1. What is the calculated FRET efficiency for residue 43 to residue 220, with r their C-beta to C-beta distance and R₀ = 35 Å, to the nearest 0.05?
2. Determine the sum of side-chain charges near residue 213: Lys and Arg each +1, Asp and Glu each -1, restricted to other residues whose C-beta is under 15 angstrom from that of residue 213.
3. Just going by the charge dipole of the chain, with Lys and Arg at +1 and Asp and Glu at -1 on Cβ, which of 156, 69, 143 is farthest out on the positive end?
4. How high is the relative contact order of the range 4-57, in percent, counting Cα pairs under 8 Å that sit 6 or more residues apart?
5. Give me the lysines in straight-line cross-link reach of residue 48: C-alpha distance below 20 Å, same-chain residues under 8 apart excluded.
6. Mind pulling the angle between the C-alpha long axis of helix 226-243 and the longest principal axis of the chain? Nearest 10 degrees, somewhere in 0 to 90.
7. Over 21 Å, how big is the tail of the calculated P(r) for the range 72-220, in percent of all Cα pairs?
8. Out of residues 5 or more away from residue 109 or on other chains, whose amide H comes under 5 Å of its own, with H placed 1.01 Å from N in the peptide plane?
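Taken together, the values in this text are just the output of simple stated rules run on the coordinates, not laboratory data. What you are looking at is a predicted structure, and each value in this text was computed from that prediction instead of being measured. Here the Cβ is made from the backbone with ideal geometry for all residues, glycine too, and neighbour counts use every protein chain on show.
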Amino acid sequence: MVKVRLNKYLSECGLASRRKAEEFILEGRIAVNGNVVIDLATQVDPEKDDVTFDGSKLNREKKVYFLMNKPRGVVTTTKDEKNRTNVTDLINTKFKIFPVGRLDYNTTGTLILTNDGEFANFLLHPKNSFPRKYLVELDKPLSQEDRFKLSSGIYLDKRKSVFTEIKYPKTNDYKKVFVTTVEGRNHFVKRMFSSLGYMVKKLHRQSFADVNVNNIMPGEYRVMNEKEIKSLSNINKSKKSKVK
């Protein structure tokens, strides 16, 4: 068996994305054949080496993918120090899954959960620029001037940040607005509006990577079908071919 990087193997076991797996390695939580390793360049033989996380043995497992319409009042994590309900509590599965990215406690909408670290890493990597579409309810109408600013770019974290698309609903209720972004930074949508003096009262993610929860009730979920997974994989291949 060809050896693979340890962080890649950890993600294939469904532990976490490669990036998060590296954090676990540096924290000294991973052992190979009984020896703790903190070298990110470590390689393992999946057929021969014994790899553990906090003392528990890891094995490659079947990959599963769930699509949830996240409800309000649920945390997007696998554990919560305040013992609040988390998104994985809502899914009946024997596999150890985790959310792909985060939605705030009271933010609703499209959320993918999986045990496929490679898949999660691909969806979240900034270079892949997957669109996130939101319906936002503000405390006051969004002015045309501020709409232009948000579309042309404002600075957050010393970086120029934009909504790639902004639309008003057909009802002409300018307190409600549809926005699209490829950003995955924490609280990005709320911070964009807050920087111009608006408070986000409600936030719903309509879709992520062109996958939506239009037919899924809040708090409900379904297994993602093979066609959806393949579609995202084809997007990956398309992006690579454009880079070449």
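1. Result of the calculation: an efficiency of 0.25.
2. Surrounding charge for residue 213 is +3.
3. Positive-most Cα among the choices belongs to 143.
4. Contact order relative to length: 36 percent.
5. 3, 8, 57, 62
6. It works out to around 90 degrees.
7. That tail contains 47 percent of the Cα-Cα pairs.
8. Under 5 Å from the amide H of residue 109 lie the amide H atoms of 70, 205, each far enough along the sequence or on another chain.
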